[in-house]
Amino acid sequence: MLTDLEASPTPYHAVERSIELLESAGFATCALDGPLPGPGRHIVSVSGLLIAWTTTTTATASAPGATAPNGFTVVGAHTDSPNLRVRTHADVASAGWEQIGMEAYGGLLANSWLDRDLGLAGRVIVDTGAGPEVRLMRDDRPILRIPQLAIHLDRDIREKGLHVDPQKHLVPLWGLGPGEDGTVATYVAAHVGVEADQIVAWDLMAFDTQAPAIVGRDSDMIASARIDNLFSTFCGVRALIEAADGLDVASNVPVLVLYDHEEVGSQSATGAGSAVLSNVLERISLSQGFDRSVHLERLPRSYVVSADGAHATHPNYVDKHEPKHHIAINGGVVVKRNSNQRYASDGISEAPFRAACAAAGVVVQTYIHRNDLPCGSTIGPVTAAGLGVPTIDVGAPQLAMHSIREMAGAADVGHLTAALRSIWVMPQVAIGTSSH
């Protein structure tokens, strides 16, 4: 997990790392704008989105007593995390300093970005004469920093707390006077091997250069950037690799979807609010020789697991948690419930997941948010509404969610991976909804 987190400073790098792991296990990349191949292990990806699945002649046959081919079991996660992203016109100068203009992305804990050593990574669209192409960029040097105002100039901080204005206070420093690389565009161009005037656009973001680490007295915790939600992403990737060899005639088609833009509402071409998953699922049916009518029969036999971070009980803020639903790091996977549908879980969708966890020997915890605090949400409700398929929201417990450096349990990597593998290999009959 540490290697995966370190390799993925942006959603685009997370997809690249996921493809690398999947291809090493026999998955083959195919074009989203071309015909999907028949049985086999396949990947389609674009930007920060990836969909992977595996079908065989036995795994997709009808289970005993079925009136249609087996359904799909989809595990979804997201590749984006709250961060700072480079503006289009990025060169800023103030009081003799050179700075980079940034835009706050998602609900980041702004104070956690202060006094950190930051690198720069993302994708750059260039045109060298043969048409636009995408090049990934990553500079691990600590080139950016946002220094906090000295307490001598902010005496009220002790009584009133820190206030960070994202427009004024989250503008990183990166130099004094004109540097060797000049403008932001000149610097970026040098890193992707083009001239500045060959850059068409960029999607660049700052990231914490401190490496992920095993921490704690007993080395039982992980500290890293982007645990929300690359923890679920890479548990999902590794679970799919393990599940691909364990399917039988009664298994649903296993599908992994990694979305972008969850942290800003999922409404994008590569987010959970798009039609991309629905379209790919139908095209998988077509690639297996099933028409649209049969495909629609498969959906009621399908199941979705939305895997995202879950709030562990914070020992210094116990009163912020629902008293009867405390969550322990390294205490097992978490089922997330919310009656107002901020999470998609309900009794019907919870039952098969608990059965899968029991089969894998994984303990299940239940998270419910306090009534007097607004609850966050996930890709779960969005995906459930788009597909009309039973959906459950689950995750691994963590602390400091949306901080630049979050915490999770080292043992929970195995817990979540085992749970996701189990839900993929369990028989369709335990998931189907025809008896409701």
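Please enumerate the residues belonging to segment 227-260 that are β-branched (Val, Ile, Thr) and over 9 Å from the mean Cα position of the chain (by Cα). Even if it seems obvious, please write down each step before you answer.
Going through segment 227-260, the residues β-branched (Val, Ile, Thr) turn out to be 227, 233, 237, 241, 249, 253, 255, 257.
Matches in segment 227-260: VAL237, ILE241, VAL249, VAL253, VAL255, VAL257.
Can you spot a residue in segment 309-322 that is of a type outside the set (Phe, Trp, Tyr), under 18 Å from the mean Cα position of the chain (by Cα) and under 17 Å from THR417 (Cβ atoms)?
yes
Sort out which residues of segment 79-127 are outside any strand (DSSP E or B) and modelled with pLDDT under 95, and write them in order of number. Outline the logic, then answer.
Within segment 79-127, the first condition is being outside any strand (DSSP E or B), and the residues that meet it are 79-82, 95-96, 106-117.
ALA95, GLY96, listed by residue number.
Taking segment 115-166 on its own, how many of its residues are within 14 Å of VAL188 (Cα to Cα), acidic (Asp, Glu) and free of Cβ contacts under 8 Å to residues at least 60 places away in the same chain?
Of the residues in segment 115-166, 1 are within 14 Å of VAL188 (Cα to Cα), acidic (Asp, Glu) and free of Cβ contacts under 8 Å to residues at least 60 places away in the same chain.
Which condition breaks for ILE327 when tested against (1) surrounded by fewer than 16 Cβ atoms within 10 Å (Cβ to Cβ); (2) under 11 Å from PRO397 (Cα atoms)?
Condition not satisfied by ILE327: (1).
How many residues does segment 195-253 contain that are under 30 Å from HIS89 (Cα atoms) and charged (D, E, K, R)?
The qualifying residues number 6.
Name every residue in segment 1-49 that is at pLDDT 95 or above and among the charged types (D, E, K, R), in order of residue number.
Within segment 1-49, ASP4, GLU6, GLU16, ARG17, GLU20, GLU23, ARG41 meet the criteria.
Return the residue satisfying two criteria in turn: it lies in segment 395-414 and is crowded, with 24+ Cβ neighbours inside 10 Å and touching a Cys at 6+ places or on another chain (Cβ under 9 Å), and of such residues it is nearest to SER219 (Cα to Cα).
This residue is ASP412.
So GLN198 ticks every box in (1) within 24 Å of the chain's Cα centre (by Cα); (2) surrounded by 14 or more Cβ atoms within 10 Å (Cβ to Cβ) but one. Which box is left unticked?
(1)
Would you mind telling me which numbered condition in (1) surrounded by fewer than 23 Cβ atoms within 10 Å (Cβ to Cβ); (2) within 23 Å of LEU256 (Cβ to Cβ); (3) touching a Lys or Arg at 6+ places or on another chain (Cβ under 9 Å) LEU373 fails?
Of everything listed in (1) surrounded by fewer than 23 Cβ atoms within 10 Å (Cβ to Cβ); (2) within 23 Å of LEU256 (Cβ to Cβ); (3) touching a Lys or Arg at 6+ places or on another chain (Cβ under 9 Å), LEU373 misses just condition (2).
If you take the residues of segment 91-113 that are in contact (Cβ under 8 Å) with a residue 24 or more places away in the chain and acidic (Asp, Glu), which of them is farthest from VAL188 (Cα to Cα)?
The residue in question is GLU98.
The values are calculated or read from the model by the stated rules, or taken from the named source; none is laboratory data. As the structure is a computational prediction, the values presented were derived from the model and not from experiment. Note that we place each Cβ from the backbone using ideal geometry, even for glycine, and neighbour counts take in every protein chain shown.
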